[in-house]
Every structure is written in C-alpha cells, then in structure tokens.
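This report refers to the structure that appears directly beneath it.
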Amino acid sequence: MSQQSEERFMFDPKDRKLILSHIGVSFVAIFIGAIAGLLQGLQRTGYIELPASLEYYQLLTIHGVMMALIFTTFFIIGFLYAGVARTLGGSMHSGPRNTAWWGYYLMVIGTILAAIKILSNDASVLYTFYAPLQADPLFYIGMALVIVGSWLSGIAIFAAYGKWKRANKGEPSPLFAYMSVATMVLWLICTVGVAIEVVFQLIPWSLGWVDRINVELSRTLFWYFGHPLVYFWLLPAYIYWYVNVPKIIGGKIFSASLPRLTFVLFILYSIPVGFHHQLMEPGIAAFWKFLQVVLTMIVVIPSLMTAFSMLATFELAGREKGAKGRFGFFRKLPFHDARFFAAFVGMIIFIPAGAGGIVNASYQLDQVVHNTLWITGHFHLTVASTVALTFFAISYTLFPSLTGRKVTPFANRLGIAHTIIWALGMIFMSIPMHIVGLLGEPRRTAYTTYMDHPIVSTWAPYRTLMGIGSVFLFIGVLMFLYIAIYLWFFAPRTEEHVDFPIGEVRDTGHNPPAIYERWSVWVILTIILTLIAYTIPVMSMLQHSPPGSAGFRTW
C-alpha cells in the first residue's frame, strides 16, 4: 500500500488489524447468539416446537454466553484499543501490542472451547453457570481463558497509558484514555471473584477432584462479578456519549472533571453490590444485604451526573447553532445521522431501564419481581437496548477510520432504519416481559402452561407480542451485520483522511484535579469497601456451610 494511500487511515496497519480482529469475533458472536435467541424466544412464546435434538436451555446458554459475555467483551476491548491508540498518539506499540495479541488468542481459544461444549449440549448451565448445575470441565476452562485473556488486554491498555504519562508528566491524560483505564480497572477487580469461583470451585468440582460444592459461596462469587459486569458493558457506552457524541453533534465536551468523577464513582460503588442479586437467598444476614442495597442506590448518582452532562452538552451545542426557546436545542441535534441517532435512542431507553434497576435493588419490590420475566425485560432494556444500540453507533463511527471506506447515504439510512426496527423489537418484547413478570410469569423456563391454569391465559397476549419482538430483533441483527460487512468490505473507498471523532473539552481555564489520576487511591478505597461488604458474610459461608451439593445435569 502506498504511503499516500496509508495516510488516509486514522490508525497504523498493525493497530487496525488488532482492533478489527476483536470486533470481527464480536460480530460472529452476536450472529450466533441472535439465532439462538430467536429460536429460544419463539419456542417459549409458543410459535414453534424445537426438535428433540435441540434443547431450550442449550439455546438459552448459547444466547446468553455469546451475547452477554463474548460479543460485549471482544467489542469493548476493540473499542477501547481504538480510543487509546487515537488519544495517546498511536501508543499501542511493540510490548503493549504483543500483550494485546496474547490476550486476544487466549480469549478466542477460550470462546471456542466453551462454544464447543455448549453446542454439544454438555454445558447447558446458562450464562450465569450456577452451581449445582454442572457443565463439562472444558466449558469452565474456556471461560477461565476468556477472563485471563481480558486481563492481558487490560495490561496492554495500562502499559500504553503509563507510557504516555511518563512522556507527559504533570499533564491530565486524554479523557478517552482515562475512561478506558477506569473501565479496565473495574473489570480486573470484579473478575477476580468469578476467576476464584471458576478455578478453585467449578473446575475441580467438574473434574471430580472434589465431590461437592458450596452453592451459596459459588453464587456470591459470581454476583461479586455479575453486577459490575453490567457497568463493564455500560461504561464504554458512556465513553462514546461523553467523548465521541459531542464531536459528532458539532459541540464540545461539557466538562473534563465531571466524567472522571463519574467513572471513579462507578469503580467505588458498582463492585461491592452483588448481594442485591441475592436478596431472596437465605444464609446472608439482612444487614449485609441492606448495606449493599445502599451502595447500589449510590450508583444511581453517577448515572444522573451523566444525564446532566449530556443534556448540558446538547443544549450548549444547540445554543451555539442559534437554538431558541427552552427545548429548541433538540431541533439542532443530528437525528439524521445514524452515529448519533442510535446512541440517542439508547440514552432514552436507559431512563426506564434505570428505573427498573432501582426496583430490582429494593428489597420489598424485589420480592414481587424476583425470578420473573420482569428481570429478563429489565436486562434487555439495559444491555440489549442502551448498550447494544450505542455499540451499533460506535461501529458506524469507527469503521471508516479502520477501513478507509465511506458511510454512504445508503448505509446511514439503513442504520437509521435498523435503529427503529431494533427499538420496536425491544418495545414489543421487553414491555410485555415487564407486565407478565408482575403477573407472576417465571423466567428461565421452557414452558409456563401450568396445566392450562386460568391465570396463565392472561399471559397469552403478551407472549404473542414477545414472539413478534424477537423476530424484529433478529431482523435488526441481520441489518446491522449487513451494514457492518458493507462498511468493512464494500463501501466506496475515500482518499481523504478519515478521523475517529474525539470531542474537545470546553475551555474552563483549569485542569481536572490531579487526584483523579491517583489510581492507587481509588483501587485501595474500592478494596476497602469490598472487604467491608464481603469479608464477614463470606467467612460465615465458609464456617457455617452445609456439606455442599453434588453436580446435577438436568438436560
């Protein structure tokens, strides 16, 4: 490739290959997960009957693992690499890149091992892989490799950040890079719990080295990881909102300090909160549940700070373009641009999604919705709507700088249509899930006919809508993948330099406080909060645990 041709790219060839490799795997995962989700959804809503060779819980596991764990992790890491390379002067070099590639290889190998065991129906344990359901050891080994590989990815980001800081002593780091480090700090701390569960409990148990497993401790270690996992999904979406969207709308980042404080608060308060997923479980004292519910409610604060910051960014950008009236700035937003429109729809959906999260974390209200389809509906509003739509917007924004191809008017219009179809699909599916959840329909079950009990008949109309919604969402995945493949391989090339848009911070005359970049302070405070929230309950689980459970295979 000629030097002139190479200059039109934002990233150097090796960085492009690294980023695209991660994103490519994520697209394969979302395709496989979408097929499984469609079949599982149509089976549960009564539209189809699965063949005997294909089980509902097998599909549910494929859907959850591929969508919630593999798609998100690979895509997030690819996105963070792109932003770090862009804002730190192309710093993903030599040592860091080699570490990044080793992380990628481990994650791919782990994904393949886990997928083989799910597809062979030897690991139909859902994405939470709750004990005492017991999968094949290779499934757990595969998931462990995915975790370790992601740690190496985090180390690559930390190395690039450290190199930049050494060369720019005393300077605040670029906002995207700062947020990327915060995201991986959260990830590395929270995955320690699930790594301990997998390596020291599940693998020895599945290999037959131990006969029984402490189920309560196993679930606690999973949810120590499981709720921060939600913020690992959300924080990259927040990065795009804070850093990329202002540039796309022709505005500036509202503040350099507020986003940093937001991410620090997420690190501090999103990790020691796993007990709010275990409010209905015995064996955990009420005080410790209450403490973690309080910490959960504090996590609402950085989300409200984000909402304020985005509205301020929108309004200031609109006023600078001549907007009049209290809400006139909304008319200045580029709703015709798929890069913005998809993310904006995700922001709007996050309002009811966040409200549902408050319900789930409230002890009395959780008693009503626990283990019902309400939880599934909330999960899809949060991850499959807010996060997924923002990831789609990221793809439309990132691909031109990676491939040197244009987002044509055709691709942009298709992106707008895809966003609408996706939102409609989620409305058809998620709202009925919330309603039937309140009416008592359970989740994680292939059938809920209950011998044609009269109360079940009240659920039927909502099931019909859920089936329609699953079809809409599958069409949305196909449309997105078509757009992605088009932008990757077939869209017209451009000879102009294609930038990855990074917003500039509005000049306030001062830099963010240096304390924000004292990572040791925030990590130590997080560890202290975690020890306060978990030490006594975990000691109690170890000291007063029952004999434990043997493994069960119910499929």
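The values are calculated or read from the model by the stated rules, or taken from the named source; none is laboratory data. Just so we're clear, the structure is a prediction, and the values are computed from it rather than from any experiment. Every residue, glycine as well, gets a Cβ built from its backbone with ideal geometry; the counts of neighbours run over all protein chains shown.
Is it the case that some residue within the stretch 461-469 is assigned to a loop (DSSP other than H, G, I, E, B), on the phi < 0 side of the Ramachandran plot, surrounded by fewer than 20 Cβ atoms within 10 Å (Cβ to Cβ) and modelled with pLDDT under 95? Working first, answer last.
First, pick out the residues of the stretch 461-469 that are assigned to a loop (DSSP other than H, G, I, E, B): none.
For the stretch 461-469, residues assigned to a loop (DSSP other than H, G, I, E, B), on the phi < 0 side of the Ramachandran plot, surrounded by fewer than 20 Cβ atoms within 10 Å (Cβ to Cβ) and modelled with pLDDT under 95: absent.
Per-residue answers, yes or no, for (1) closer than 22 Å to I528 by Cβ; (2) part of a helix (DSSP H, G or I):
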| position | (1), (2) |
| --- | --- |
| Y240 | no, yes |
| V245 | no, yes |
| V264 | yes, yes |
| I267 | yes, yes |
| F275 | yes, yes |
| P282 | no, no |
| K289 | yes, yes |
| V293 | yes, yes |
| S309 | no, yes |
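May I ask you to say which residue of G64, G103, G83, G154 is in the same structural domain as I189 (by TED's automatic domain parsing) and under 27 Å from R553 (Cβ atoms)?
G64
Looking only at residues that are at pLDDT below 95 and out of contact with any helix residue (DSSP H, G or I) (no Cβ under 6 Å at 6 or more places or on another chain) in the stretch 96-118, which one is surrounded by the most Cβ atoms within 10 Å (Cβ to Cβ)?
Per the stated criteria, the residue is R97.
Any residue at all in the stretch 515-534 that is touching a Gly at 6+ places or on another chain (Cβ under 7 Å), touching a residue at least 60 places away in the same chain (Cβ under 8 Å), surrounded by 12 or more Cβ atoms within 10 Å (Cβ to Cβ) and of a type outside the set (K, R)?
No: the stretch 515-534 contains no residue that is touching a Gly at 6+ places or on another chain (Cβ under 7 Å), touching a residue at least 60 places away in the same chain (Cβ under 8 Å), surrounded by 12 or more Cβ atoms within 10 Å (Cβ to Cβ) and of a type outside the set (K, R).
A131 fails exactly one of the following numbered conditions: (1) touching a residue at least 60 places away in the same chain (Cβ under 8 Å); (2) part of a helix (DSSP H, G or I). What is the number of that condition?
(2)
Do we find that W223 is among the aromatic types (F, W, Y) and more than 29 Å from I375 (Cα to Cα) in this structure? Can you show your working first?
Working: among the aromatic types (F, W, Y): yes; more than 29 Å from I375 (Cα to Cα): no.
It is false that W223 is among the aromatic types (F, W, Y) and more than 29 Å from I375 (Cα to Cα).
Just to be sure I understand, how many residues within the stretch 433-460 are over 28 Å from the mean Cα position of the chain (by Cα), part of a loop (DSSP other than H, G, I, E, B) and either surrounded by fewer than 18 Cβ atoms within 10 Å (Cβ to Cβ) or in contact (Cβ under 8 Å) with a residue 40 or more places away in the chain (or both)?
We begin by selecting, within the stretch 433-460, every residue over 28 Å from the mean Cα position of the chain (by Cα); these are 439, 447-460.
Now narrow it down to the ones that are part of a loop (DSSP other than H, G, I, E, B): 439, 447-449, 453, 458-459.
From what is left, the residues that are either surrounded by fewer than 18 Cβ atoms within 10 Å (Cβ to Cβ) or in contact (Cβ under 8 Å) with a residue 40 or more places away in the chain (or both) are 439, 447-449, 453, 458.
Counting residues in the stretch 433-460 that are over 28 Å from the mean Cα position of the chain (by Cα), part of a loop (DSSP other than H, G, I, E, B) and either surrounded by fewer than 18 Cβ atoms within 10 Å (Cβ to Cβ) or in contact (Cβ under 8 Å) with a residue 40 or more places away in the chain (or both) gives 6.
Quick check on my filter: what residues within the stretch 182-236 are in a helix (DSSP H, G or I) and small (G, A, S)?
Scanning the stretch 182-236 gives A182, G193, A195, S206, S218, G226.
Got a sec? Which of G356, G377, G346 is surrounded by 15 or more Cβ atoms within 10 Å (Cβ to Cβ), at pLDDT 95 or above, among the small types (G, A, S) and under 29 Å from R260 (Cβ atoms)? Break it down stepwise before answering.
Working: G356 fails: at pLDDT 95 or above; G377 fails: under 29 Å from R260 (Cβ atoms).
Exactly one of G356, G377, G346 is surrounded by 15 or more Cβ atoms within 10 Å (Cβ to Cβ), at pLDDT 95 or above, among the small types (G, A, S) and under 29 Å from R260 (Cβ atoms), namely G346.
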